[in-house]
Amino acid sequence: MVEAKATARYVRTSAQKAGLVMDLIRGKDVNKALATLKFSRKSVAGDISKVLRSAIANAQQKDGFSGDVDRLFVAACYADQGPSQKRVRPAPMGRAYRVLKRTAHLTVQVAE
């Protein structure tokens, strides 16, 4: 059984938003997962699609791969929280509000 994974780090979205999209593809075969991501209306779906394609390519390079991409499925996918960029937004009366620009690390693992 061949397993391969791919990771995209420091993606400019929150881990919670990415996790909602990753829940849609967990456990599906790769063709259905790519189709689901293509028609998802969330903007992070494009980044997750790139990571999934990279994981498929990594699986094709492994020894013992049968050569049939249709037999691959998404074994695991998760979004971990990355570092937050701290920014300042001007507020009334000389004050300042803190803005957190969150990042996420996206990981997709495929298996045969």
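The values are calculated or read from the model by the stated rules, or taken from the named source; none is laboratory data. Nothing here was measured: the structure is a model prediction, and the numbers come from that model. Don't worry about glycine lacking a Cβ; one is built from the backbone with ideal geometry, like all the others, and counts go over all protein chains shown. Accessible surface is based on the protein model in full, side chains and every heavy atom, while ligands, DNA and RNA are left aside. Shrake-Rupley method; radii C 1.70, N 1.55, O 1.52, S 1.80 Å.
If amide H atoms are built 1.01 Å from N in the plane of the peptide, which residues on other chains or at least 5 residues away come under 5 Å of the amide H of Leu72?
Under 5 Å from the amide H of Leu72 lie the amide H atoms of Val30, each far enough along the sequence or on another chain.
Ignoring ligands, DNA and RNA, please state the percent of accessible area on the chain from carbon and sulfur, probe 1.4 Å.
Working: 3400 of 7130 Å².
In the chain, the share of accessible area belonging to carbon and sulfur is 48 percent.
For the chain, what does the helix formula give at 222 nm: sum of -39500 (n - 2.57) over DSSP H segments with n ≥ 4, over the residue count, nearest 500 deg cm²/dmol?
Details: 3 runs with 37 residues, N = 112.
Rounded to the nearest 500, it is -10500 deg cm²/dmol.
Over the chain, average the accessible area per residue using a 1.4 Å probe and give it in Å², no decimals.
Working: 7130 Å² over 112 residues.
Heavy-atom SASA per residue in the chain reads 64 Å².
Would you please give the FRET efficiency between Ala111 and Tyr10, computed as 1/(1 + (r/R0)^6) with r the Cβ-Cβ distance and R0 = 22 Å, to the nearest 0.05? Before the final figure, lay out the partial values.
Numbers: r = 26 Å, r/R0 = 1.18.
Here the calculated transfer efficiency is 0.25.
For helix 45-61, what angle does its Cα long axis make with the longest principal axis of the chain, in degrees from 0 to 90 and rounded to 10?
30
Between the helical axis of 15-25 and the dominant principal axis of the chain, each derived from Cα atoms, what acute angle in degrees is found, rounded to the nearest 10?
Approximately 20 degrees, to the nearest 10.
Which peptide among 97-104, 20-27 comes first, and what is the full order, when sorted by highest mean count of other Cβ atoms within 10 Å?
Working: 97-104: 13.8, 20-27: 17.5.
Those peptides, ordered most packed to least, come out 20-27, 97-104.
Which part of segment 43-85 falls in the paramagnetic zone of Ala35, meaning amide N under 14 Å from the point 7 Å along Cα-to-beta-carbon?
Of the residues in segment 43-85, 70 have backbone N under 14 Å from the label point off Ala35.
Relative to the compact globular guide of 2.2 N^0.38 Å, what is the alpha carbon radius of gyration of the chain, as a ratio?
In units of the globular-protein estimate, the chain measures up at 1.31.
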